[in-house]
1. Region 210-262: which chymotrypsin sites (Phe, Trp or Tyr not before Pro) are DSSP loop and have at most 16 other beta-carbon atoms within 10 angstrom?
2. Picking from E14, E159, E228, which is most flexible by a Gaussian network model of the chain using Cα springs under 10 Å?
3. Along the charge dipole of the chain, pointing to its positive end and built from +1/-1 on Cβ of Lys, Arg, Asp and Glu, which listed residue (G77, L254, F340) has its Cα farthest out?
4. What is the local net charge at F329, summed over the other residues whose Cβ is closer than 13 Å to its Cβ (Lys, Arg +1; Asp, Glu -1)?
5. Please report Rg (one decimal) and Dmax (integer) in Å for the Cα set of region 64-142.
6. Please report the equivalent ellipsoid semi-axes of region 99-212, computed as sqrt(5 x eigenvalue) of the Cα gyration tensor, largest first, in whole Å.
7. Is region 274-345 best put as rounded, prolate or oblate by its Cα gyration tensor, with a ≥ b ≥ c the root eigenvalues, rounded for a/c under 1.5, and otherwise prolate when a/b is larger than b/c, oblate when not?
8. Springs between alpha-carbon pairs under 10 angstrom, Gaussian network model over the chain: which of R98, R234, R332 fluctuates most?
Amino acid sequence: MSKMISSKFISASEPLLKGNEKKYLIECVKSGWISSQGPFIKKFESSFASYVDRKYGVAVSNGTIAIDIVIEALRIGKGDEVIMPAFAFISGADAIVRAGAVPVLVECDPFTWNINVNEIESKITKHTKAIMVVHNYGLPVEMDLVLEIAKKHNLFVIEDAAEVHGQTYKGKKCGSFGIISTFSFYANKNMTMGEGGIIVTDDSDLYEKCASLRNLCVNKDRRYKYDEIGWNARLTNMQAAVGLAQLEQIDKFLTIKESMGKQYTKLLKDISNIQLPIEKTSYAKNNYWGYGVVVKDNKLSAAEAMKKLFEFGVDARPFFWPIHLQPCFIKRGLFVGAKFPVSEALAQNGFCLPNGLALKKDQINFVCEKMHEVFD
Ligand SMILES: *Cc1c(COP(=O)(O)O)cnc(C)c1O
């Protein structure tokens, strides 16, 4: 294994840290502001919020806890239901279940890999509190219908926008829809601070509530007195410093992602037994946060293909595992008998090729050459 990780090894997602990251970090160290106090936090919160057309931002330690805080702030709990996709990263479902509420799952579309919006309304009951949309792999969810249904039934829309920094739906920024949205800045996202997240909203009460929950709900007048049970989900000034430097470069990062996606599609499109990401829909261009491929026949499984790629030094990653098949939820008696064939097939047959921002064009050529060897 250690032999594999040579200079030739192509990792799944290596970030690009060539802007002001180092300069701002040195400022943190020189000034002594390395904790969650310090000027980069506020600067980052307001810059990122305004980048996604929101009034307020609450920086937190990761994109998962961002959703926990949002669920708590919206008072979603025991007896409530939240509609969400069956095929998505696990954080949203974790937060809903942890709060004592129930995720009500909806099948996804086989081509966009996002929630099938036409199936949402039939899932609404008198217990439904919210619709949580998750934009998967870089293509936004079809928002118009979601917003219309939410309005008609008086439901919150929560947007998990962890994979779509800078992406737009009909020209409007992802992360600006619904009552509240969250992002992650983990190392494999469109922009990173290693670990980190943010909650964005236009609602001042929700903003106050989330900011308080992030900091243990400490009483405003007396230190060490706590009004509610919160979290320590604070971000450090150092992380915000890296985040601010990354945000300065986001347009460039998105251009790189898009051109990587196009290069992959150009070089892979004549492999007949794999399905490639949609290039665009009527409402958005794909910006390929993740470049996913789905194996179409049974000659070679996705797992076997990934194993062969790994032997060539290429680190591919499997698709998400569906929510209803997660051991942690099955153990709790959730989703008994649930079937979502499209989501299950994607989980089984899909994988992502390396597309970190530091990846070079000739490395993509190499990956595609190996993909042809594996599949032709
Ligand atoms: C990455 C991701 C998260 C989790 O973010 P972390 O910062 O890793 O906790 C949540 N939702 C989606 C859709 C993600 O892609």
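1. Numbers: sites: Y224, Y226, W231, F253; in loops: Y224, W231.
Loop-located and lightly packed - Y224, W231.
2. With Cα springs under 10 Å in the chain, the top fluctuation among E14, E159, E228 is at E228.
3. With unit charges placed on the Cβ atoms, the residue in question is L254.
4. Details: positive: R98, K331, R332; negative: D94.
Residues close to F329 contribute a combined charge of +2.
5. According to the Cα coordinates of region 64-142, Rg and Dmax are 12.1, 34 Å.
6. Details: eigenvalues 100, 70, 36 Å².
Result for region 99-212: semi-axes of 22, 19, 13 Å.
7. On the way: a/c = 2.04, a/b = 1.28, b/c = 1.59.
Oblate, since a/c reaches 1.5 and b/c is not below a/b.
8. Highest fluctuation of the listed residues: R332.
The values are calculated or read from the model by the stated rules, or taken from the named source; none is laboratory data. Just so it is clear, the structure is predicted and the values come from calculations on it, not from any experiment. Positions of Cβ are backbone-derived with ideal geometry, glycine not excepted, and every protein chain shown enters the neighbour counts. Note: areas computed on protein heavy atoms with side chains; ligands, DNA, RNA excluded. Shrake-Rupley method; radii C 1.70, N 1.55, O 1.52, S 1.80 Å.
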